[in-house]
1. Could you work out the Kirkwood radius for region 72-229, taking every pair of different alpha carbons, averaging 1/r and inverting it, reported in Å?
2. In the full protein assembly as shown, how much of residue 193 is accessible to a 1.4 Å probe, in Å² to the nearest 10?
3. Given the pairs 90/151; 75/160; 75/151; 137/175, which are separated by over 29 angstrom at their Cα positions?
4. Which percent of the accessible area of region 83-148 is formed by carbon and sulfur heavy atoms (probe 1.4 angstrom)?
5. To the nearest 10 Å², what's residue 98's accessible area with a 1.4 Å probe?
6. Say R0 is 45 Å: what FRET efficiency, to the nearest 0.05, do residue 146 and residue 69 get from their beta-carbon distance?
7. Suppose all protein chains stay in the model; what accessible area per residue would a 1.4 Å probe give for region 87-229, in Å²?
8. Want the number for residue 205 to residue 177: 0.36 nm per residue separation, take away the alpha-carbon distance, what's left?
Amino acid sequence: MDTNRSGVVIRRGRPAGPRTIGLVCAVAAAGALLSGCGSGSDTASPQKSAAPSRAVPATAASPSGSLNADQAQRKALVPKAEVDYVQALKAAIAAVPSSEAIAAELKGTPASPYWDTVVATTDGTAYAVNVDAVSGKAQKPRPQSDDPDDKQELAARLDKATVTAQQAAQTATEKTKGTVTTIELGDADHGNDTVAWTVGVVTTDDWNETTYEIDATNRKVLWMHVDQD
């Protein structure tokens, strides 16, 4: 890994991502990680970010200009999703009263895209909610783990996180102009009891995905990774 002038760790290879508890991992079921929809409707309140101000430049898909399998998959799916991550999370929260957003990922096929979201109440009870990425309709919430330790851990994480999903996504898209692909609250990769958001952003000129880990207490970028594989 390298460090840029702003002190942000730039990772090589695929990002490790946050160490989430089992109930969130169970929601992110098998299937390729695909891209999400736009950040343009982000309504986060203004907040000074500790993240570096220099945007990450877009890079070519390959020397020949052809797309690899992951890039082609993103190109096929992203334009089909008319509902972005903000709308999907709002629909999921509406389906589970008094809940907060903790994850969203665009999945499915170009013919049937959907958002796999997770919301949780303050006591650490988590619910998976699939949201149609075309109509915005939320399906019936599915309760996740009832394990007391899982719930306690998640409740503590929610209590620590003062940065919302929308604010974390705003921080990421200020660095890389593109559309939000995934977002998830978890423990920071470097540990130290830090809670962090992992945010994926796709650039539609090359269909690469840039992943950021953002401190959930101060919006500082802890590391970033550009997936060109």
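1. About 15.8 Å, per the Kirkwood formula over Cα pairs.
2. Result for residue 193: roughly 130 Å² accessible.
3. Table pairs above 29 Å Cα-Cα are 75/160; 75/151; 137/175.
4. Solvent-exposed carbon and sulfur of region 83-148 make up 53 percent of the total.
5. Taking all protein chains as shown, residue 98 has close to 100 Å².
6. After rounding to 0.05, the efficiency reads 0.75.
7. 39 Å²
8. The span from residue 205 to residue 177 would gain 9.0 nm if fully extended.
The values are calculated or read from the model by the stated rules, or taken from the named source; none is laboratory data. None of these values were measured; they are calculated from a predicted model. Neighbour counts run over all protein chains shown; Cβ positions are idealised from the backbone, glycine included. Just the protein is used for accessible areas: all its heavy atoms, side chains included, with ligands, DNA and RNA removed. Shrake-Rupley method; radii C 1.70, N 1.55, O 1.52, S 1.80 Å.
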